[in-house]
1. Can you work out which of the residues in region 248-279 that are surrounded by fewer than 17 Cβ atoms within 10 Å (Cβ to Cβ) and farther than 19 Å from I220 by Cβ is modelled with the highest pLDDT?
2. Quick one: would you say R184 is open to solvent by 60 Å² or more (accessible area, probe 1.4 Å) and either in a helix (DSSP H, G or I) or at pLDDT 75 or above (or both)?
3. Can you tell me which of (1) over 30 Å from Y247 (Cβ atoms); (2) modelled with pLDDT of 75 or more; (3) open to solvent by 80 Å² or more (accessible area, probe 1.4 Å); (4) under 39 Å from the mean Cα position of the chain (by Cα) is the one L148 doesn't meet?
4. Do you know which residues across region 319-336 are surrounded by fewer than 17 Cβ atoms within 10 Å (Cβ to Cβ) and not small (G, A, S)?
5. With over 26 Å from L326 (Cα atoms), among the acidic types (D, E) and at pLDDT 85 or above as the only criterion, which of D210, D193, D154, D164 stands out?
6. Can you tell me which residue within region 211-247, out of those that are charged (D, E, K, R) and out of contact with any His (no Cβ under 9 Å at 6 or more places or on another chain), is least open to solvent (accessible area, probe 1.4 Å)?
7. Restricting the search to region 218-274, which residues are more than 21 Å from the chain's Cα centre (by Cα), of a type in the set (V, I, T) and closer than 26 Å to I169 by Cβ?
8. Within region 306-328, take every residue that is in a strand (DSSP E or B) and either hydroxyl-bearing (S, T, Y) or in contact (Cβ under 8 Å) with a residue 24 or more places away in the chain (or both) and give me the one that is farthest from Q285 (Cα to Cα).
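The values are calculated or read from the model by the stated rules, or taken from the named source; none is laboratory data. Just so it is clear, the model here is predicted, and its values are computed rather than measured. All Cβ positions, glycine included, derive from the backbone under ideal geometry; neighbour counts span all protein chains shown. Surface areas here come from the heavy atoms of the whole protein model, side chains and all, with no ligands, DNA or RNA. Shrake-Rupley method; radii C 1.70, N 1.55, O 1.52, S 1.80 Å.
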Amino acid sequence: LNQILRCPTVVLAGRVNGERGLWVSFDIDGDPYWLVLARERFDRQHGPHWGTIALIALGLAGLGGLAISQLVNRPLARLAEGLGRLSRGETPPALPEDGAFEIAEVNRRFNRMVNDLTELESDRAVALAGISHDIRTPLTRLRMEIELSGLTEDEKASMNDDIDRIDRIVAKFVEYGRSGVAERGGPPPEPVDVTLLLESVCDGYRAQVDEGHLIIARTIEPGLRWIGEPLDLARMTSNLLENALRYGHAPEAPAQVVLQARARRDCDGIEVRLRDHGPGVPDDQIERLLRPFARLDTARSEHGGSGLGLAIVNRLALRYGGSCRLANASGGGLEVVLDLPSARTAARLAARPAEPR
């Protein structure tokens, strides 16, 4: 190479005798030589820049990662959606049991769990109906025997009160069992005149109001509408009023209740607030009140309660994708806030697929 570079007669050419390439002519010790670099080797050495190759590789890797992410996240999104429906008391559709082994196995177990829960719910409904019938039938006979007995009117009234208490407790058990899921074959959601319905529920306590046991202050937005089952809203409101009537008052004083209802500002639905002026609840015990059979003390059993009223309200609220929140009011007493989306909104949210993460 040093001799070529020192040669004064070096000639460069791109074609010799019709052959393309990098031709170099030079003399060494008086003898002519030709050196050629083939076109193929030249193009291979000076092909696309390594940066271009890296960008192409990164693009292909990104597309492959996106495809794998979609392949993995889509089943997880379906599973998350199914779990969300199950938590709201709905029956989710069966998940596909094909695909990757691990995901298919998870879906199979989820489908089996949903089927087991559905059968358990059905068996529980049948058992509760049977218990209700088996208990209420002898209670009816007892009422008849009491009326035909030679007891005094005061004694009859006392026994009938005990029977009524047992009957109410049995009814609460049945109501709690039915509140977890929407009844199959039941009436579809419909537009509800909330203002009229809440006024009607409050009027149902006119006897307690006339007797001086209850004071209800109502602030209900006029023309308030909601889409759902009227019976569910009536049950929730009645349970809250019953709870306030029993526990939300000072000794030897009437229960004072403030009932407020308005439309939700952020989306379709309503917000119902009910506050009593009782002793309130210790802050560390508030969440326990939403659990079934929860009581703060044994003295509450004297009121004939079953510890299911607020649990029923909470389960019904969750069915609509809403919430039931408890808090101690600043001026004393317990405040319950029902946040209820309409059945239409709840169904739309339930049908929306979960976003891949």
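1. Per the criteria, the residue is P254.
2. Working: open to solvent by 60 Å² or more (accessible area, probe 1.4 Å): yes; either in a helix (DSSP H, G or I) or at pLDDT 75 or above (or both): no.
Judged against the criteria, R184 is not a match.
3. Of (1) over 30 Å from Y247 (Cβ atoms); (2) modelled with pLDDT of 75 or more; (3) open to solvent by 80 Å² or more (accessible area, probe 1.4 Å); (4) under 39 Å from the mean Cα position of the chain (by Cα), only one is false for L148: (4).
4. Result: R325, N328.
5. Residue meeting the stated conditions: D210.
6. Result: D232.
7. T237, V257
8. Selected residue: S323.
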